[in-house]
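Working notes, structure below.
What follows draws every value from the coordinates through simple rules; no lab data is involved. Source: prediction; values computed, not measured. Cβ placement follows ideal geometry from the backbone for every residue including glycine, while neighbour counts extend to all protein chains displayed.
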Amino acid sequence: MRIYVCVKHVPDTAATIRIKADGHIDENITFIMNPYDENAVEEAVRLKKQTSDAEVIAISLGKESAEATLRSAMAMGADRGILIKSATDHDSLSTARSLCSAIQADGAPDVIFTGREAIDSEGFQTMFHLGAFLGFPAVSNAVAFELSGTSVKVTCEMEAGNLEHVQMDMPCVIGAGKDLNQPSYPKLPDILKARNKPITVLELSDLEMELPASRVEMVGIEPLKEERQPDNIEGTVDEIAGAMVKVLRDKAKVLDG
Amino acid sequence: MTKVGFLIEMKNGKVKPACLGVISAAHDNKTERVALLLEGGSAESVEILEAHGIQRVVQITSANGAIPWHAEQWAGAVVQAMEHFNIQTLMGLASAQGKNILSRVAARLGAPLVMDCTAVDLSDQTATKSQFSGKAAARFRTHGKYHLYGMRPNALDPVTMPGDAMLETFQAEIEETGITVLEVKKGASDLVDLTEADVIISGGRGMQNKDNFDILFKFAKQISAAVGASRVAVDAGWVSHTMQVGQTGKTVSPKVYIACGISGSVQHFAGMKTAGIIIAINLDPNAAIMHKCDYAVCADLFDVIPVLTRKLKEITA
């Protein structure tokens, strides 16, 4: 079984994002594996353990520095990595197109895992575009996954606590949600071992494809400011609660429904 | 005249109010506004849609009547309707359902889709959305034959624009998709989804344990609010991850966000900074959130919230 897992190298959740004059972010910050991709890697490795003769291949589209995220995936148990090197940012369509071409050039997948979203670009759609390019069924926000003969059973979180159970043909694409599993911290020997696992480095021009003409272009970016001037609500508990009621009723107008 | 399609979502048989807000993005006299419904094309739905500027209501069905929930089949049916009615701009909600359906529609059409927009300008096909989990806002332009936008619920207020809408039916072909829906397990129907709630009350470290969240649920029940949590409360196992607000949880934009015993980390703020009004209740006046809110309440949440709930009960009784 060939299991691919798509990972993205993203700014750390704790990092302060500074926008430079050229409209790009100051990348002099810590980068990590996209948190949802950790769930994707964990599930891929779990699936590998349940099947004989399986291989987990981590794949990333990004700058040279994204190698670090591929190494993290390999420390978690992926067998090897593919880095599609690109100096520019990509929208979901061209990301999916590139991943699709690199995967097809590498081999025939049985299951492909991604995170349900990347925390930097927040597109929520790469798994569906990837599925469409490959002709595979895709789901996202998976919170349970199991192999069931030649198909898979997946539970996806819908809104307000609703869950959907589906059966999918293989090959398929699965977008991992946070509740899918608890990613394990790699142990030191695994981290050391990951250093020697192979990574194939590709240029975008190595892939036999044309990037889609339809695209989403970023035309401007600015930091979202947190400018609020707090009013203090003080007094006895009763006065405080009374003042809060006023805010809810008169300012926010949320009590008339 | 440009045509804009709106993917309409229903909740308990009614058009979701947040969908009506989305329509207001295209309230000009150069646009024909078409509502696409996969469920619930009742007279009541048509009435509320036409009161908010919709000119045509298209109920998408199959040869066997309404199409039962199946995200991929729904998306396929929407694509067929878009082609039939020559709709090249489609807007919907960035709700759980919208993220599912709109993304699938985009994938089928190979179309650009901007998800979770806080503003859209159809005249130049640009949309504003958060980046880096709410730490920045970027403007995007979509290029191609199709233009798809998923609006963040509550980002636009519903605006009335009375008119008359035609109700018509479009019969779609149901395709084989490689996905079989085995079962949909519904949560409690009175549960308000975090991403769509007008009011959210969230608990953090200050909640101390799982049971204490009850006072937040009691408050929420009183005014149909949703209950959220910080990562600390989720990691401690007090509540489920589905309730987490923040960078690795949900991004929300309610009219009022009440933070109870939450210090206000950068990651938490990323998930709720576009809220209309932020009220922070914290015993520590120096907690970060107390300087980044609209109303700071330096008091014990265990004293304040029950009294607040009781007062609300008196008002709504």
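Please verify whether A:ALA40 is of a type in the set (A, V, I, L, M, F, W, C), within 30 Å of A:GLU217 (Cβ to Cβ) and in contact with a Cys (Cβ under 8 Å, 6 or more places away or on another chain), treating the condition exactly as stated.
Values: of a type in the set (A, V, I, L, M, F, W, C): yes; within 30 Å of A:GLU217 (Cβ to Cβ): yes; in contact with a Cys (Cβ under 8 Å, 6 or more places away or on another chain): yes.
Considered against the rule, which asks whether it is of a type in the set (A, V, I, L, M, F, W, C), within 30 Å of A:GLU217 (Cβ to Cβ) and in contact with a Cys (Cβ under 8 Å, 6 or more places away or on another chain), A:ALA40 comes out as yes.
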Among the candidates B:ALA66, B:ALA77, B:ALA155, B:ALA137, residue that is more than 7 Å from chain A (Cβ to nearest Cβ), over 30 Å from B:LEU182 (Cβ atoms) and either out of contact with any Asp or Glu (no Cβ under 9 Å at 6 or more places or on another chain) or not β-branched (Val, Ile, Thr) (or both): B:ALA155
Residue check, B:THR177 more than 21 Å from the chain's Cα centre (by Cα), surrounded by fewer than 24 Cβ atoms within 10 Å (Cβ to Cβ) and touching a residue at least 24 places away in the same chain (Cβ under 8 Å): yes
Taking the residues in the stretch B:168-202 that are in a strand (DSSP E or B) and under 27 Å from B:ASN154 (Cβ atoms) as candidates, determine which candidate is farthest from the other protein chains (Cβ to nearest Cβ). B:SER202
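Take residues that are not β-branched (Val, Ile, Thr) and tell me which of the strands (runs of 3 or more DSSP E) falling wholly in the stretch B:226-310 contain 3 or more. Walk me through how you get there before you give the answer.
Numbers: elements: B:226-229, B:256-260, B:277-281, B:295-297.
In the stretch B:226-310, the matching strands (runs of 3 or more DSSP E) lie at B:226-229, B:256-260.
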The number of residues in the stretch A:199-257 that are at the interface with another protein chain (Cβ under 7 Å from one of its Cβ atoms) and of a type in the set (Asp, Glu) is 5
State whether the residues of the stretch A:240-253 include one that is in a loop (DSSP other than H, G, I, E, B) and exposed (fewer than 12 other Cβ atoms within 10 Å of the Cβ). no
Those residues of the stretch B:1-19 that are hydrophobic (A, V, I, L, M, F, W, C), buried (at least 19 other Cβ atoms within 10 Å of the Cβ) and under 15 Å from the mean Cα position of the chain (by Cα) come to a total of 6
Is one or more of the residues making up the stretch A:154-162 in contact with a Ser or Thr (Cβ under 9 Å, 6 or more places away or on another chain), facing chain B (nearest Cβ under 7 Å) and assigned to a strand (DSSP E or B)? yes
How many residues does the stretch B:119-158 contain that are over 26 Å from B:ALA81 (Cα atoms) and among the β-branched types (Val, Ile, Thr)? 1
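One line per residue, one yes/no per condition, for (1) crowded, with 18+ Cβ neighbours inside 10 Å; (2) out of contact with any helix residue (DSSP H, G or I) (no Cβ under 8 Å at 6 or more places or on another chain); (3) at the interface with chain A (Cβ under 8 Å from one of its Cβ atoms); (4) of a type in the set (S, T, N, Q):
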site	(1), (2), (3), (4)
B:GLY204	yes, no, no, no
B:GLY228	yes, no, no, no
B:CYS260	yes, no, no, no
B:SER263	yes, no, no, yes
B:VAL266	yes, yes, yes, no
B:ILE281	yes, no, no, no
B:ASP284	no, no, no, no
B:MET290	yes, yes, yes, no
B:THR309	yes, no, no, yes
